[in-house]
């Protein structure tokens, strides 16, 4: 869906791969799942923010009991927006627009971390 809207999408299966891709591609917008293998989203966010703070980050979680607290932690670590799964396409597009609004209209390149390619 994001590709159809003109975004370049790069997917990662886990935290280590997501952090590597973040370092290599320096995206403008990162859509980051909190619960994922190897490194969780909070670890990825903390590491990436220490090294490079320019990307706008949308943190997401579907954990029913912990979503509010882990997303609040993500915001404290520098996430610009958060979403509780499941969410609809409009909420995601709105969050990307809000998170990327400080980029002065530059083309955004979301990087989905923690999501297998092809999942939406």
Point to revise | Over the range 3-113, relative contact order from alpha-carbon pairs under 8 Å, at least 6 apart, % | key: 39 percent
Study note, to complete from the structure: Both in Å, the radius of gyration and Dmax of the C-alpha trace of the range 3-113 are 12.6, 37
Exercise for review: Would you mind computing, in nm to one decimal, how far apart the modelled labels at residue 23 and residue 52 are, each placed 7 Å from Cα along Cα→Cβ?
Suggested key: 1.0 nm
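Quick note: the coordinates plus some simple rules give every number you see, no bench work behind them. In this text, all values refer to a predicted model and were calculated from it rather than measured experimentally. In this analysis, Cβ positions are derived from the backbone assuming ideal geometry, glycine residues included, and neighbour counts consider all displayed protein chains.
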